[in-house]
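Have a look at the structure below before the remarks.
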Amino acid sequence: MAANNRRMSGKKGAQVGSGGQRRKGLEGRGPTPPAEMRKGHKKNRVANAKAKQAVRRPVARGRGGKSASELVVGRNPVVEALREGVPASTLYVQQFIDNDERVREALQLAGERGGINLMEAPRPELDRMTNGLNHQGLVLQVPPYEYAHSEDLTEAAYDAGEDPLIVALDGVTDPRNLGAVVRSVSAFGGHGVLVPERRSAGMTAGAWKTSAGAAARTPVARATNLTRALEAYKKAGITVVGLAADGEMEIGDLEALGGPVVIVVGSEGKGLSRLVGETCDFRVRIPMPGGAESLNAGVAAGIVLYEAASRRS
């Protein structure tokens, strides 16, 4: 009996209630984070491993080559990139980040798109990745862009039963101009854009955003040597037309725009380089009654593409 009393004496008595004071502690904390964001979860470990491999993996080179991976840094830039459909492989989110509207939208957009790894990282790691930039707790990794080869652009045209309509850029270094040209090529039924490998804008996140989605359906090719690529086009029976303020004729007088053609656009300040200009079959100018000295690459390409498209319709 004494043993029984000892066992009973160890039992806890009735607990005093909270009187509703702890009700807030029982309230929900919002939707459960994705498995990739939950520390210790198997999917979180897999996502972390893939993300680290993507950062460290050497860039492979195909026929047209690949660009280096890129980081979009900061809450507004990350959200805008996700809204515009910029390709992304990993969204890095700082641990214990203040969960404001932009952070929630970034997580929602990444989750809805699918195929984007979500990875939590401490602030020092994000500082290291971004070289100390003000990332505000959000970093988006853009995978390397897979460039086409210059021959791919003509093959696509011939496969569709059409004469090639290509724009080549010479010395254009602003990614936004490249994105605008890609958008114009897509709008006027062109078959792609050719850029040199060096001293030229590449398909960065900024170019993707400016293209307004056109970069997903219009290929960009990259040439080791732009002059040689243009000469190869000429040997294949394609007319190479260069835009120049001092061109010998106006675009409206050039009948060659109705056939297979490559339109070469130079930089706004320097125009066409000497070798590229000498390679062109024709050098034409855009009439500008308003007296402007030059147009940026995106606008100039759009005008000539419209003229070429009108002759083909």
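Values in this text are rule-based calculations from the coordinates and carry no lab data. Everything quoted here is computed from the prediction, not taken from an experiment. All Cβ positions, even for glycine, are placed from backbone atoms using ideal geometry, and neighbour counts span all protein chains on display.
Calculate the spin-label point distance for Glu248 paired with Ala160, positioning each point 7 Å from the Cα along the beta-carbon direction, and give it in nanometres.
About 3.1 nm separates the two model spin labels.
What is the gain in length, in nm to one decimal, between Arg199 and Asp98 on full extension, counting 0.36 nm per residue of separation less the C-alpha to C-alpha distance?
Extending this stretch completely gives an extra 32.3 nm.
Just to be sure I understand the model, the point goes 7 Å from the Cα along the line to the Cβ. What's the resulting Ala187 to Glu231 distance in nm?
Roughly 3.6 nm, to one decimal.
What Kirkwood radius, in Å to one decimal, follows from the Cα pairs of the range 142-186?
12.2
Roughly what would the spin-label model give for Glu112 and Glu278, points 7 Å off Cα along C-beta, in nm?
5.5
Search the structure for amide H atoms under 5 Å from the amide H of Ala223, placed 1.01 Å from N in the peptide plane, and list their residues when 5 or more places away or on another chain.
HN-HN under 5 Å from Ala223: Val195, Glu197.
Using a simple charge model, +1 on the beta-carbon of Lys and Arg, -1 on the beta-carbon of Asp and Glu, nothing else, what dipole does the range 158-216 show about its Cα centre, in debye to the nearest 20?
The calculation lands at about 360 debye.
Taking 0.36 nm per residue of sequence separation and subtracting the Cα-Cα distance, how much length would be gained by fully extending the chain between Thr130 and Ser310, in nm to one decimal?
My answer for the length gained is 60.1 nm.
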